[in-house]
1. Take the residues in segment B:376-400 that are away from chain A (no Cβ under 14 Å) and open to solvent by 20 Å² or more (accessible area, probe 1.4 Å); name whichever of them is farthest from B:VAL359 (Cα to Cα).
2. Restricting attention to segment B:221-232, report how many residues are open to solvent by 10 Å² or more (accessible area, probe 1.4 Å) and of a type outside the set (Phe, Trp, Tyr).
3. Can you list the strands (runs of 3 or more DSSP E) lying wholly within segment B:208-292 that have 1 or more residues being free of Cβ contacts under 8 Å to residues at least 12 places away in the same chain?
4. If I ask for residues that are open to solvent by less than 30 Å² (accessible area, probe 1.4 Å) and within 30 Å of A:ALA222 (Cβ to Cβ), which ones from segment A:572-600 would you list?
5. Does segment A:512-524 contain any residue that is open to solvent by 60 Å² or more (accessible area, probe 1.4 Å), within 25 Å of the chain's Cα centre (by Cα), touching a residue at least 60 places away in the same chain (Cβ under 8 Å) and within 29 Å of A:PRO441 (Cα to Cα)?
6. Return only the number of the condition from (1) part of a loop (DSSP other than H, G, I, E, B); (2) away from chain A (no Cβ under 14 Å); (3) modelled with pLDDT of 95 or more; (4) open to solvent by less than 10 Å² (accessible area, probe 1.4 Å) that B:VAL468 does not satisfy.
7. For the condition surrounded by 22 or more Cβ atoms within 10 Å (Cβ to Cβ), touching a Ser or Thr at 6+ places or on another chain (Cβ under 7 Å) and β-branched (Val, Ile, Thr), what is the one hit in B:VAL418, B:VAL370, B:VAL405?
8. Can you name the residue in segment A:189-211 that is more than 10 Å from every other protein chain (Cβ to nearest Cβ) and at pLDDT 75 or above and is also most open to solvent (accessible area, probe 1.4 Å) among such residues?
Number of protein chains: 2
Amino acid sequence: MKFENCLSFALLLCVGIVVITLTAPRHLVASESLAPQTHTINVADFGVIPGGKDCTRELKNALAACRAKGAKRLVFPKGQYHFLPDHADEAYLFVSNNDEGLKRMAFPLFGFEDLTIDGQGSEFIFHGFLNPFVVQDASKITFENFSVDFDRTFHSEGVILAVDNEGMNVRFSEQFPYKVSKGLLTFVAHENENGPLTSVSKGDIYGSGHLLEFDTAKRETAFMAKDYFFNGTLSYPAKDLGGRVVRLMIPKLAGKIGNTMVFGPNHRNYPGFIITRSSDVSFENITLHHSGGMGILGQLSHNIRVNNCKVTPSHGRMLSTTADATHFVNCTGYIRLTNNLFENQKDDATNIHGIYVQVAEILAPNEILVQLKHRQQHGFDFLSPKVEVEFVRGKSMITFGTATVTKAVRENKEFTRVTFDKPLPKELVVGDALAALRDYPEVTIAGNTIRNNRARGMLLNCRGKTVVENNYFHTPGAAILFEGDSFFWFEQGGVRDCVIRNNVFENCLFGVWGKAVIDVKAGIREDKDKSRYNRNILIENNTFKAFDDYTLLLAYCVDGLTWRNNKVEKTTAYPASGTPSKRFDISYSDNVVIDGEVFKDASN
Amino acid sequence: MKFENCLSFALLLCVGIVVITLTAPRHLVASESLAPQTHTINVADFGVIPGGKDCTRELKNALAACRAKGAKRLVFPKGQYHFLPDHADEAYLFVSNNDEGLKRMAFPLFGFEDLTIDGQGSEFIFHGFLNPFVVQDASKITFENFSVDFDRTFHSEGVILAVDNEGMNVRFSEQFPYKVSKGLLTFVAHENENGPLTSVSKGDIYGSGHLLEFDTAKRETAFMAKDYFFNGTLSYPAKDLGGRVVRLMIPKLAGKIGNTMVFGPNHRNYPGFIITRSSDVSFENITLHHSGGMGILGQLSHNIRVNNCKVTPSHGRMLSTTADATHFVNCTGYIRLTNNLFENQKDDATNIHGIYVQVAEILAPNEILVQLKHRQQHGFDFLSPKVEVEFVRGKSMITFGTATVTKAVRENKEFTRVTFDKPLPKELVVGDALAALRDYPEVTIAGNTIRNNRARGMLLNCRGKTVVENNYFHTPGAAILFEGDSFFWFEQGGVRDCVIRNNVFENCLFGVWGKAVIDVKAGIREDKDKSRYNRNILIENNTFKAFDDYTLLLAYCVDGLTWRNNKVEKTTAYPASGTPSKRFDISYSDNVVIDGEVFKDASN
């Protein structure tokens, strides 16, 4: 027996578990040959019943019936349904900006076409280490009328009782089980379960690696609270003081007595909805109380709509999802976020961007080795034959050429060898980046309320027409951020046509995550005089309510920005800094018009 | 588009990475149709050169050439070769008694037949998070004449400088990089590298979760030292005292000044050699200085020989491999461990056993749902059509029936639905166990030196003829342990014909891991009067050098054991306890003959 390629041989032996890697989008179109069907399946007919029992296995049967019968609706009689990971399907998934892994999935919607899941007002409660929804290689999928929550959240919260220079005392409610042992505080699934400790014990640990203070009364991140990142831990040095009070033995923590310390997870393993290589996915009247990662993550997908949904905590908690409410990577078609409430998530309300890979090695005149640099982009294989790419100078972010992929051979989740249809631009060097040119989505963000979350509101990094209107923002960082860089996050951005109008920005910048309410940045470190990354931005008819003389607009390396008819109102909601900033902080930009006047950019 | 089964659809989309699950053994037999070849390939011809550069990619080309040309030898000119994970192949591997995961592999020997890798005295140094050798679905693979080490070990070691009731001060050499930050000690790859801390930072953390004191002078586990297991951590509460001295803020640690505290990894991700579904694999003159998991792990494989090899630390370290030196699971044919040195590994020298699954649900008269209970056995899919199994009562471990598998459908890595050729025994209940009946290997363990490691020497849990002769044991726990249970480790054992002769057991039991030098146990909690798990054991012509009046032989639920012509010598190597134990501790056993006399078992 001989094998040309050991890996393809090994592939033959794959059984039982499924590994999914990300390749270029594949848009399924409803087959004309199928007879039209409107069949509805009721989960009750499959033993999926409210109450307390695990419905995962019965749900699998109901989904199989949908598939077999071509049913277009799966309905849940109103009730509270529980899903456990024990008997769930499993697949290795790469999920951009979240954590990859072998995941159990309650709703594995692989390859479905035209299916609506209607909760009819039900609550879906997920237990343990379980991924709620995965939509993959599917089309026309609608989620409506249900809420999503977890029995035990992936984060924990404790009320601050005392603080000094050596540590902090916090009290945990019974909602957040924990243990203190051998000087370490560890969050767990259940406090009363403990097998014998051995060389292979693991237990159901809820690892944590981030602290952030919330204002308990205002139910938002505390005024100017800072992130405490713990690199490489999942527990904290601590002493048990009894009565559910724990002393964190961490020097120099800041926090106000009565406020809530939020202990964020050290992973993003369990996003709420993962949408991969799918098209026409809609969310209508969905409430997402919690997920261990982002709320909705769309990647390599076409046409996603989120309307009349809520990301909001339950059970009096400060935090909803433990990362962004929504996030879209290398998507196409349209993205519509309308009439939603995004609050208390532990990161931005949305971010719509592409991905850059870095040139690691030039192998031949038309062949390079590229690397996915960001750990949470590993396995994001968007390079495949026929994909057109742009070549971007690493430090200036200037595009200097394009080509079409003819062959892509993956070394592993990090490195891929890519061959092109023509010789590469002569100026290409190691450290440059490349991204896919594609049908950039049209983005509509309208009628949403974004508030009380960590960090920013909307990250607009999409070259399709982008309209942001009639939204209400109350974010501790920038309400709207434009970025894109090819050295740290490796996110492709650069708007081409963006309108921001009729929004209310109320007392933004009460935290540490931004320098301007609307912050138009880019990771440009060279050729600032020439590089113009974001273009054609119109900001009009907005109301800025501001408690401080902070910067309303920052623009860096922009070509074409008009600011007109915006209203500014002074408030006293938070303490003012006393040191006024420039209202408009414009540098290295062309064609900027502020209230009718062409801005003279002295930095040019 | 419709799909009978969403998973088989998803499987079609697998690209680029390989997922391997474990199924029943497949023994490759050299194909008669191939022309005999003796071609040798020299790695130097492919740019694999000693020095310091990463040879991983060039090695891949050399291995591809071996495959293409049917070469039978791959030789390395003597030198020091380095392998990095960056460009290594990747596969998701389930590795019994170690940790599963998506692994980078330096030597991915998938599907090879008849290949010898001859290092000619070379040193192979592996860097970072890399699995050195994976032999899978291969046959006639020989490793000879090289050593294996890691640039940065997965464990760390610190010399104890001071101890009190609140903590312990230890000094780390530069060999073990670490950081102390926010009250936590974390081991790292390099002390001087640190990117910005963000919501997605990870860094190259060398997680640790186990402490064990070693006697620095004697280079063995300290006298009666105890394990400190840390469930669910990867760092320790600590203060940096400067000068590479760290104070562990962990109460009640014991340790002698000058001794070495070994910080074991919190995983078994990087075993040295993984052998899966392969046959005729030999090791000759291999030195294994380190691995992040077991040294050699054979599973579902046929005929493995380890001769004239060493597991031993380098660079003055106390620890070699961070788990067992060797370990064999559901193997067949023969296992021969001859003329080896196994020292300073952080667990037993070997363990040869099968795996039990637990009956989780009875689905039909001939169908059950079974569960792999032990986390490090997940994905061990040994149940497939034609496999004959025994049914075992959970608490008594009495076998009460057999049947043959006709169908096995995996729910996930943990649960499988199994259908049999006939109705299951009527007495079968949830909680019972089942294991594969198979061609149990003949085991030869001869001429080895086993010393200074944590825990035990040899774990004999194999029903094939087992001969243990001419070995030297100096182990802190039992030198030879027989076990098997179906409630915690789920390891199938039960010898049927075992000879232990001409061995020297010198000052064993200087630690906490055993109650007798030869300890014949089983996890039997019911029907002790009837259950006889280990059978036909002959112990003769051995020498026991003992520093204490401890138990030489413990036998529990044994049928047939003869002890004859063994010599006992008294030593003063360690402090005696002062409380003599029974020399022979026999209970619930039949046909036990000690020095010619039938032992009357009062417990029966």
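1. Across segment B:376-400, the extreme among qualifying residues is B:LYS386.
2. Counting residues in segment B:221-232 that are open to solvent by 10 Å² or more (accessible area, probe 1.4 Å) and of a type outside the set (Phe, Trp, Tyr) gives 5.
3. B:236-242
4. A:TYR574
5. Among the residues of segment A:512-524, at least one is open to solvent by 60 Å² or more (accessible area, probe 1.4 Å), within 25 Å of the chain's Cα centre (by Cα), touching a residue at least 60 places away in the same chain (Cβ under 8 Å) and within 29 Å of A:PRO441 (Cα to Cα), which makes the answer yes.
6. (1)
7. B:VAL370
8. A:ASN192
The values are calculated or read from the model by the stated rules, or taken from the named source; none is laboratory data. None of the values given here were measured: they were computed from a predicted structure. Ideal geometry is used to build each Cβ from the backbone, glycine not excepted, and the neighbour counts take in all protein chains shown. For accessibility, only protein heavy atoms count, side chains too; no ligands or nucleic acids. Shrake-Rupley method; radii C 1.70, N 1.55, O 1.52, S 1.80 Å.
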